[in-house]
Amino acid sequence: MSFFETFDLKQLSNLELLAQQVVEGFIIGLHKSPFHGFSVEFAEHRIYNPGESMKNIDWKVYARTDKMFVKRFEEETNLRCQIVIDTSSSMYFPKERKDNQLNKLQFSALAAASLMNLLKRQRDAFGLSLFDNKVDIHTKTKSSTTHYRLLLTYLDKLIKDDVLDKTTATADALHQIADNTHRRSLVIIFSDMFDNSETQDEMFAALQHLKYAKHEVVLFHVVDKKKEVDFEFENRPYEFIDMETGQKVKLQSNEVKSYYTKKLAKFNNALKMKCLQYKIDFVEADINTGFKPILESYLVKRKKMSV
């Protein structure tokens with residue numbers, strides 16, 4: 001049974017608990033996966049060696065996995081991570097959700113909270129940046145529990161907000177974040193990359209700015225793949241509304257599907273190629289597939305940075 005099958009949207013009121021559940025489930029799963037070596041290090045555990053003291057055995061992990069792991073107590077690491085979230089109105093898609101579906105903003109907020117939980121466990125420093133047509137929040141990176149809970153309050157307020165007609169200035173915001181993130185960091189971006197810039201080049205230049213500032217960058221391209229990428233709608237008339245401008249257009253979905261998917265594929269391919277050129281990790285984050293790809297991608301990136 002997946003996380004989404006047991007997820008209740010009402011639980012979003014306790015973001016800290018949800019993030020902890022996501023992370024603990026992820027770590028347990030890693031013990032049984034090809035990422036086992038990563039999970040042991042990242043969860044601050046190592047395999048118990050027969051004959052050594054048993055005082056540091058994590059009995060909770062033993063109860064779940066039937067394997068003995070010893071808690072590791074390492075000195076604080078030097079990793080700094082700035083988590084950046086696009087909060088423009090397009091990130092509130094889908095506006096009308098069925099069952100326990102998250103919109104792109106809620107998905108990003110919970111993914112960010114889960115990453116911060118992992119970072120805190122590893123004693124790494126983390127900060128948070130929120131932007132729409134300007135940078136609204138930009139915190140310093142810290143590793144304390146107090147700081148973690150402060151950032152959760154920002155995320156909690158964010159997912160309860162439901163304001164439409166908030167435009168995006170991704171390029172300007174990323175330039176500003178690059179200028180204000182002074183020490184070399186891992187910058188993790190959650191965004192659908194829909195921007196009001198006149199050309200894509202402006203947005204690509206902003207991504208390049210982050211790399212020029214010596215940051216390692218991971219871009220989680222947050223999408224509802226079924227609707228936004230594959231344009232899977234019933235063949236009937238719809239009224240489509242631009243969530244950032246409020247503009248409306250009525251049309252038959254199949255009349256524009258081919259044109260739409262080709263244009264979007266061209267944009268996405270250009271984005272992927274620029275990320276490859278700038279050595280930015282590009283990860284498609286489909287809101288319907290859960291958080292495992294997010295956390296695994298981060299884990300692999302962190303492992304590479306620690307070598």
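The values are calculated or read from the model by the stated rules, or taken from the named source; none is laboratory data. All of these numbers come straight from a predicted model, not from anything done at the bench. No Cβ is skipped: glycine too gets one built from the backbone with ideal geometry, and neighbour counts run over all protein chains shown. In case anyone asks, the SASA skips ligands and DNA or RNA and just uses the protein heavy atoms, side chains included. Shrake-Rupley method; radii C 1.70, N 1.55, O 1.52, S 1.80 Å.
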Across segment 297-307, the tally of residues that are more than 15 Å from the chain's Cα centre (by Cα) and in a helix (DSSP H, G or I) stands at 4
Output for segment 140-167, where each listed residue is more than 19 Å from Ser88 (Cα to Cα) and not in a helix (DSSP H, G or I): Lys140, Thr141, Lys142, Ser143, Ser144
Within segment 212-260, restricting attention to residues that are part of a loop (DSSP other than H, G, I, E, B) and among the hydrophobic types (A, V, I, L, M, F, W, C), which residue is nearest to Lys95 (Cα to Cα)? Met243
If I filter segment 204-240 down to residues being free of Cβ contacts under 8 Å to residues at least 60 places away in the same chain, closer than 25 Å to Ser258 by Cα and of a type in the set (A, V, I, L, M, F, W, C), which single residue comes out as surrounded by the fewest Cβ atoms within 10 Å (Cβ to Cβ)? Phe240
Elements of type helices (runs of 4 or more DSSP H) contained in segment 1-98, each with 3 or more residues being open to solvent by less than 50 Å² (accessible area, probe 1.4 Å) and either of a type in the set (Gly, Ala, Ser) or modelled with pLDDT of 65 or more (or both): 15-30
Quick one: Ser144 ticks every box in (1) under 19 Å from Ser297 (Cβ atoms); (2) of a type in the set (Ser, Thr, Tyr); (3) surrounded by fewer than 20 Cβ atoms within 10 Å (Cβ to Cβ) except a single one, so which number is it? (1)
Return the residues of segment 269-296 that are open to solvent by less than 40 Å² (accessible area, probe 1.4 Å), under 18 Å from the mean Cα position of the chain (by Cα) and closer than 20 Å to Glu228 by Cβ; say none if nothing qualifies. Leu271, Cys275, Val283, Ala285, Asp286, Ile287, Gly290, Phe291, Ile294
